[in-house]
1. Amide H of B:Phe167 versus every other amide H placed in the peptide plane: which residues, excluding those fewer than 5 positions away on the same chain, fall under 5 Å?
2. Could you list, by residue number, the cysteines of chain A that have no other cysteine's beta carbon within less than 4.7 Å of their beta carbon?
3. Ranking A:Ser208, A:Ser352 by Cβ neighbours within 10 Å, fewest first, what do you get?
4. Across peptide B:108-115, how many C-beta atoms of other chains are within 10 Å of each residue C-beta, on average?
5. To the nearest µm²/s, what D does Stokes-Einstein give for the protein assembly as shown at 37 °C and 0.692 mPa s, using the Kirkwood radius over alpha carbon pairs as Rh?
6. Measure up A:Lys274/B:Lys129; B:Lys16/B:Lys47; B:Lys12/B:Lys47; B:Lys36/B:Lys235 against 23 Å on the Cα-Cα distance and list the ones that go over.
7. Which value in Å is the Kirkwood Rh of region A:226-270 over different Cα pairs?
8. State, to one decimal in nm, how far the label point of A:Ser115 lies from the label point of A:Asn25, with both points 7 Å from Cα in the Cβ direction.
Amino acid sequence: MSAASDSVAPRRLPGGRAVEWLRANLFYSVPSALATLVLLYLAWRLVPPFIEWAFVNAVWRTGGSAACRAAAGHGACWAYIVEKHRFILFGTYPYAQQWRPGLGILLFIALYVVSSRRACWRPWLAWVWLGGLALIFLLMWGGVLGLPYVEDERWGGLMLTLILATFGIAAAFPLSILLALGRRSSMPAVRTACVIYIELIRGVPLISLLFMASVMLPLFLPSGVSIDKLLRAQIAMVMFAMAYLAEVVRGGLQAIPGGQYEAAEALGLSYWRKMLLIVLPQALRISIPPLVNTFIAFFKDTSLVVIIGLFDLLSAVKVGLEEPAWSGYGIEAYLFAALIYFAFCFSMSRYSQRLERDLARGRRHILREE
Amino acid sequence: MILTSAAIIEMKGVDKWFGEFHVLRGIDFSVARGEKIVICGPSGSGKSTMVRLINRLESHQRGQILVDGIELADDVKAIEAIRREVGMVFQQFNLFPHLTVLQNLTLAPTWVRRMPKREAEELAMQLLKRVRIAEQADKYPAQLSGGQQQRVAIARALAMRPKVMLFDEPTSALDPEMIKEVLDVMIELAREGMTMLVVTHEMGFARTVADRVVFMDRGEIVETGKPQEFFSAPKTDRAKLFLSQILGH
């Protein structure tokens, strides 16, 4: 008896439900069946070799690259990651002091987790952030409480990425709201200034802004005045992210019906109250998907600071590979970096989906249930 | 500016253009305290625009408008002061969808009038009882029917304890079976002595509560009169034509 004749009457088969599921989901039409077969073939060709390379034949022991040389070609050299993980996470921060950025990373993650809970969206959260960030900088710089001073030129790795991304978004987001409101202002001077800023910044690559911040800006400053390189890079990134976020926010503002503005005005609300209490809460809610999209892009764009000599996560990986003993393990190193980026970006994405759902609850959602 | 009459709203020689379109032509009009006025007229006659001038949702280009003795001009503070005293109900309700019914009512009193939260909530619950919707206080606007939303909108405007209430076609967006519940609330409000300007085609409402009916056409006030006079013996041909159109079916 052939399988084909069975599938005509799948109910009679033992395990018929599984067959039904397969038919409904994977083989419901000729193209779907073809796609399923192609994907199965690719999985069969790619997955087992990858598992063999990444796990079975992989070298985990540290103690030099000799074992990796022996496994070259058929096994991954995770020993490189084990060996270099502290450099990748903390950059050139003094080795003995690396518990400080380590603690800093944990503090950052704790701040993200606390802020993600809506029950914590209270005024005190602002103080928690201020306190948390002050503590992180205290840890990183030191110079007090017996912690040796570490200049920010030596900060690096994942910690630097988190600093650039967190400060970048925290500063750029509120400023972008002002910029978006300015672009819709009824005052021509304000509107024109905002349009020029947005179009100018969006018209140049981030790299050129970073170059300007690191190379050109010092030329224009009076002698004796110098702005820290990290700060300059941070400002350039904020300026860049602001322009993009402003356009996202403006899209949200445009989606709010005129009646909402009129109702707020008719009640005697001033411009700022109207915006803060009525318009922005609605506009930002509908802007969550594109906002998070921009946040994610920005998080990864922080890796461009490598061109002005800052060692973020990705450049730390690259620099580690320059050591002759470990050259040639780029795949492992970049996979590791990709995994870290992915963990942060995927969390942002999942969180934004949950947030959208939560904020929609009590409105359209309940209406549909009734 | 010294208040010289009992009028709470005075318009003198008001003109308004939308671009090339002359929406209001030489409007002279005043409303006494406690007066209830129904404004009617064909669509595009400028009746909504006239009401929206009173709280400066639109601005006029010529003439003078005084509300409670304050002249409406570009002074933002004066405009906000007038808006605090003038409540408005819109055709499309315009409730704030991200706030509960109760929050819709307490928002302006707490932020604009600086009323303590507790007091604002008590006032809001009183008003919701008055519009017979107190049990919906914790729902969101989208969970209410059109008639319920419009009653909430009336309560929201009343929460500012306004001296004047403007209604811009308050029942036009409602299903027929919901019109009465909104009109009943408005009739009650009128009986309590509120000064009201109502743009509507509900002639039954006009007969019941209006002190004066104002008929507008092509940006002009064509005729004003007591409701019984206006409906039974309109003086102008334009008013006759309009009445025959809306009462004819």
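1. So B:Phe167 has HN proximity to B:Val89, B:Leu197, B:Val198, B:Val199.
2. A:Cys120, A:Cys194, A:Cys345
3. By the 10 Å Cβ count, ascending, the order reads A:Ser208, A:Ser352.
4. 3
5. Values: Rh = 30.3 Å.
D = 108 µm²/s.
6. Pairs exceeding the cut-off: A:Lys274/B:Lys129.
7. Result for region A:226-270, one decimal place: 13.3 Å.
8. It is 3.7 nm.
Computed from the coordinates by the stated procedures, all read-outs in this text should not be read as laboratory data. Remember, it's a predicted structure, so these values are computed and weren't measured experimentally. Glycine also receives a Cβ, built like all others from the backbone with ideal geometry; neighbour counts cover every protein chain displayed.
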